[in-house]
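The values are calculated or read from the model by the stated rules, or taken from the named source; none is laboratory data. Worth saying up front: this structure is predicted, and the values here are computed from it rather than measured. For neighbour counting, all protein chains shown are included, and Cβ atoms are generated from backbone atoms with ideal geometry for every residue, glycine included.
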């Protein structure tokens with residue numbers, strides 16, 4: 001009888017990149033010394049994957065959602081707000097509307113608000129204290145807004161009350177040029193006009209509450225940006241998904257530090273493994289995450305590990321730091337040696353270190369069944385170029401997951 005097959009899927013957020021002049025016109029992955037990843041790619045196979053489809057710019061929740069089994073026809077159901085809320089342990093009630101929200105640096109300008117920094121300099125330790133001042137804001141008409149701090153500047157904003165609709169636009173100006181005007185929340189359908197107006201009222205209230213917060217004086221003395229407002233995106237209501245893992249009857253686990261991805265895991269019914277050292281930044285305990293994945297293999301045939309840091313380095317225009325982090329990740333892979341499971345590596349999207357933005361470029365991937373390693377060919381280095389020149393034909397994220405599932409069930 002054949003032994004039960006198992007697999008660890010390593011999701012390196014924002015792994016893909018574009019050539020960087022400071023790295024000799026190589027990407028951070030191509031510039032990194034990654035002997036373990038090189039051996040896995042040479043022993044197994046590598047290639048380029050479009051997380052959603054060619055020409056589509058993915059975000060984290062859709063790119064990771066596909067790897068968790070999101071069906072192509074259900075992509076429109078997946079909204080960032082409810083996912084962020086799920087990651088924070090918030091159970092949405094009928095009628096609630098959730099947004100992904102950032103604590104940000106805002107200032108008045110021309111009768112509106114302008115965004116000076118979308119992340120308030122990646123506020124960290126102070127974030128829960130600022131969020132406490134926004135714990136409950138009454139907006140009138142029986143509607144209450146509650147802000148829940150999650151990772152660093154990130155949070156979930158939940159509106160509760162009668163007559164709300166999720167058919168409203170983002171106020172987050174995105175990763176373009178900053179400063180930028182805070183976008184006006186618009187109703188996409190007539191019945192959402194009241195929700196759009198209430199959210200606009202909330203954004204001004206949040207600015208007025210936060211701008212005079214005593215912590216901002218301390219931040220100014222320390223040379224930090226003030227936290228003076230909230231920006232929102234990804235409005236949505238409660239939803240349920242029937243993913244591919246559920247259809248296959250495959251219980252899976254997720255080792256994670258990022259709240260958004262933890263929320264996705266809960267939406268898809270994964271066993272979520274979180275420990276204090278598992279964070280969503282560069283200081284996350286990578287080796288600890290990989291040890292936790294190895295332990296989870298004892299009860300789950302499929303285990304995901306999510307690593308957020310590569311994406312953050314790209315957003316912050318730090319390609320050399322991204323290269324160095326990938327080298328440290330490669331060293332930590334010793335924790336999975338001889339684990340008896342296949343190893344897959346992929347990403348939710350490409351993040352360009354030159355522009356700091358997500359792109360539609362495909363991501364480098366590999367899949368290696370558990371068998372004896374062989375040395376990679378001379379000059380072989382797992383990266384975008386090798387995947388393009390020596391890899392299997394380009395495919396989408398759905399096909400990549402199907403390959404993993406076919407392996408597990410063959």
Discussion item. Which condition from (1) surrounded by 15 or more Cβ atoms within 10 Å (Cβ to Cβ); (2) in a loop (DSSP other than H, G, I, E, B) is the one that residue 281 breaks?
Written reply: (1)
Fill in: Tally, over the range 13-47, of residues that are in a strand (DSSP E or B) and surrounded by fewer than 19 Cβ atoms within 10 Å (Cβ to Cβ)
1
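Identify, please: which residue in the range 362-395 is in a loop (DSSP other than H, G, I, E, B) and free of Cβ contacts under 8 Å to residues at least 60 places away in the same chain and is, among those, farthest from the chain's Cα centre (by Cα)?
Taking the range 362-395 and keeping what is in a loop (DSSP other than H, G, I, E, B), we get 362, 369-383, 391.
Checking which are free of Cβ contacts under 8 Å to residues at least 60 places away in the same chain leaves us with 370, 378-379.
Numbers: 370: 28, 378: 35, 379: 32 Å.
The qualifying residue farthest from the chain's Cα centre (by Cα) is 378.
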Worksheet item: If you take the residues in the range 72-104 that are touching a strand residue (DSSP E or B) at 6+ places or on another chain (Cβ under 7 Å) and assigned to a helix (DSSP H, G or I), which one is farthest from residue 61 (Cα to Cα)?
Response: 85
Worksheet item: Would you pick out the residues in the range 191-207 that are surrounded by fewer than 16 Cβ atoms within 10 Å (Cβ to Cβ) and out of contact with any strand residue (DSSP E or B) (no Cβ under 9 Å at 6 or more places or on another chain)?
Response: 191
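For the range 60-77, name all the residues that are surrounded by fewer than 19 Cβ atoms within 10 Å (Cβ to Cβ) and out of contact with any helix residue (DSSP H, G or I) (no Cβ under 7 Å at 6 or more places or on another chain).
Residues of the range 60-77 surrounded by fewer than 19 Cβ atoms within 10 Å (Cβ to Cβ): 71-77.
Within the range 60-77, 73, 74, 76, 77 meet the criteria.
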Worksheet item: Could you list, in sequence order, the residues of the range 227-245 that are surrounded by fewer than 22 Cβ atoms within 10 Å (Cβ to Cβ) and in a loop (DSSP other than H, G, I, E, B)?
Response: 237, 238, 239, 240, 241, 242, 243
Worksheet item: Any residue at all in the range 372-381 that is buried (at least 16 other Cβ atoms within 10 Å of the Cβ) and either under 21 Å from residue 261 (Cα atoms) or modelled with pLDDT of 95 or more (or both)?
Response: no
Practice prompt. Output the number of residues of the range 87-102 satisfying the condition of being in contact with a helix residue (DSSP H, G or I) (Cβ under 7 Å, 6 or more places away or on another chain) and either modelled with pLDDT of 90 or more or buried (at least 24 other Cβ atoms within 10 Å of the Cβ) (or both).
Written response: 6
Item to complete: Given the conditions (1) out of contact with any strand residue (DSSP E or B) (no Cβ under 7 Å at 6 or more places or on another chain); (2) touching a residue at least 60 places away in the same chain (Cβ under 8 Å); (3) outside any loop (DSSP other than H, G, I, E, B), report the number of the one that residue 406 does not fulfil.
Response: (2)
